[in-house]
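The values are calculated or read from the model by the stated rules, or taken from the named source; none is laboratory data. From a predicted model like this one, the values you see are computed outputs, not experimental measurements. Reconstructed Cβ throughout: ideal geometry from the backbone, glycine too, with neighbour counts over all protein chains shown.
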Amino acid sequence: MRSDRREESYCTDQSALWDRIEATAPFPLSAIIAVTERCNLSCPHCYVPDPGDGGEMTTSQIVNLLDQLADAGVLKLTYTGGEPALRPDLAELVKAAATRHFEVHLKSSASLLDLEDVDDLWEAGLAELNVSLYSDRPEEHDDFVGLDGAWKRAVDSLTRFKSRGGIARVSVVAMNWNAARVSAIVDRCEENDWPYIVDIRVSVTEDGSMAPCRFRVDEEAVVKLLADDRLVSPGTREKSADSIVCLAGRRGPYIRADGEVWACPSLSWSFGNVLHKPIVEIWNGSKVREKLLSLRWGDSKRCGDCEFKYACERCPGDAVWEHGDHEKPSEYDCFLARARTRAWAGR
Amino acid sequence: MDSIDRVYLPNPRIAYRKINGDMVIVHTLENKLVRLNPTATVMWENLDGKTVAEIAREVCAQFEVDEEEALRDIVEFIDHLIERGFVEVSPGNSESL
Ligand code: SF4
Ligand code: SF4
């Protein structure tokens, strides 16, 4: 009786339990809010259009949104940008989310944060600080983002946040100019016990500019990168004709600074705007989302029959920008799947 | 201070919500995700400034158990929660640590 009353559903595979809970939950368990499109840096590969022109939700509009997301059951809340630290109310927004019992994550370049700001964010209840590093060499990073001292601020902020007890995570985008430095960045992360994510994908901007694509890695670089077996690819899985294509519309919403609700930053289909309608109504009533949910691997015969599909992370967002049809493969995804297959064959 | 007079509160950096009637708790730093059953959910919901003894009385009021058994259960449950970093002793009674 006692253990029965107290028993908890512990699960050794946390992501499997997360998926099980999310599958039956009335709303996704995570959400991303871009609190601004403005940025103090000028990273030329960024998917956020420059300069942002769609306006920004006010503090009270975001707090109202937090109430709705909390009622809907969202557990993980990520603030992103642009550069969120350009908002003077950032610590207030973190605190508003933490007091509503979200686990609060922040994506920032940290280039505007001094150690006191990092402490303030920790005190406000931030659980994870996620910072991008583009090189282990300070001058290369600073050159790319267009600000002297940005690398030092990033590393100091990560170090401070970790020392306070938080999760200091590093995001790395592997590009043609920095691919050779990725292993060294990962080494630094491991030395400091910073979890890291390495992305080999460079997407078009949210308004369809192909400008960032000039930084995409070529096949040789992918093969060299993936020779480092610390880098794994999340999209690899067996796929049948009935497999879903990606988690867009299943995982939580990406809410843009102007209140528009998207499935993710790469897919420019609006489900509605939180300034005009409650988020749950937007999400559950969206015809656009229904279209995404019905998407299956075998909808494209070419994908269904493809010898590279195991290694493929086919992205409907890339396809829409490339040729307008989300059901068909994009050449970019095919290129990545072929390159991954070749890289793994050599491991 | 006796342990049953202590007050425990949720760690402010974890997330928790009731989803489909069960409390779900996330603590990424510790790589922990748990779903509580209905009784544990009631215990969790009472970690709002009540003492351990007061929570035991709440549990007795909602489920058919005697107070001594409920108390034992809650103490054990709170031990689990502390181990996982889900709760902290309230600053108001930290002198008892
Ligand atoms: S590699 Fe191209 S054709 Fe093959 S499954 Fe992926 S997107 Fe489809
Ligand atoms: S695969 Fe593309 S559309 Fe799907 S979630 Fe990922 S980025 Fe978005």
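Return yes when A:Gly272 is within 16 Å of ligand 1 (Cβ to nearest atom) and either more than 15 Å from A:Ala31 (Cα to Cα) or modelled with pLDDT of 95 or more (or both) and no when it is not. No: the conditions fail for A:Gly272.
So that you can scan it fast, the table gives a plain yes or no per residue for (1) modelled with pLDDT of 95 or more; (2) within 21 Å of A:Pro265 (Cβ to Cβ); (3) of a type in the set (D, E, K, R):
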site: A:Asn130; (1), (2), (3): yes, yes, no
site: A:Ser135; (1), (2), (3): yes, no, no
site: A:Pro138; (1), (2), (3): yes, no, no
site: A:Val145; (1), (2), (3): yes, yes, no
site: A:Asp148; (1), (2), (3): yes, no, yes
site: A:Thr159; (1), (2), (3): yes, no, no
site: A:Asp193; (1), (2), (3): yes, no, yes
site: A:Thr205; (1), (2), (3): no, yes, no
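Scanning the stretch A:1-59 for residues that are at pLDDT below 75, farther than 21 Å from B:Trp44 by Cα and within 12 Å of chain B (Cβ to nearest Cβ) yields A:Thr12, A:Asp13. Touching a residue at least 24 places away in the same chain (Cβ under 8 Å), away from every other protein chain (no Cβ under 14 Å), more than 12 Å from ligand 1 (Cβ to nearest atom) and over 15 Å from the mean Cα position of the chain (by Cα): does that describe A:Val320? Criteria met by A:Val320. When A:Ile197, A:Ile255 are checked against the criterion of being surrounded by 19 or more Cβ atoms within 10 Å (Cβ to Cβ), within 26 Å of A:Ala154 (Cα to Cα), at pLDDT 90 or above and β-branched (Val, Ile, Thr), A:Ile255 stands alone in meeting it.
Summed over the stretch A:283-305, the residues that are more than 16 Å from ligand 2 (Cβ to nearest atom) and under 21 Å from A:Thr341 (Cβ atoms) give a count of 5. Considering the stretch A:306-336, the residues that are among the acidic types (Asp, Glu), modelled with pLDDT of 90 or more and more than 10 Å from ligand 2 (Cβ to nearest atom) include one that is surrounded by the fewest Cβ atoms within 10 Å (Cβ to Cβ), namely A:Glu307.
Which members of the stretch A:286-302 meet the condition of being without any contact (Cβ under 8 Å) to a residue 40 or more places away in the chain and in contact with a helix residue (DSSP H, G or I) (Cβ under 8 Å, 6 or more places away or on another chain)? Across the stretch A:286-302, there are no qualifying residues. Restricting A:Ala70, A:Ala110 to those that are on the phi < 0 side of the Ramachandran plot and either surrounded by fewer than 22 Cβ atoms within 10 Å (Cβ to Cβ) or of a type outside the set (Val, Ile, Thr) (or both) reduces the list to A:Ala70.
Answer yes or no as to whether A:Leu93 is within 21 Å of the chain's Cα centre (by Cα), over 27 Å from A:Ala174 (Cα atoms) and buried (at least 22 other Cβ atoms within 10 Å of the Cβ).
On the way: within 21 Å of the chain's Cα centre (by Cα): yes; over 27 Å from A:Ala174 (Cα atoms): yes; buried (at least 22 other Cβ atoms within 10 Å of the Cβ): yes.
In short, yes.
If we only count strands (runs of 3 or more DSSP E) wholly inside the stretch B:15-97, which ones have 2 or more residues that are more than 10 Å from chain A (Cβ to nearest Cβ)?
On the way: elements: B:15-19, B:22-27, B:32-35, B:87-89.
Passing ranges, in order: B:87-89.
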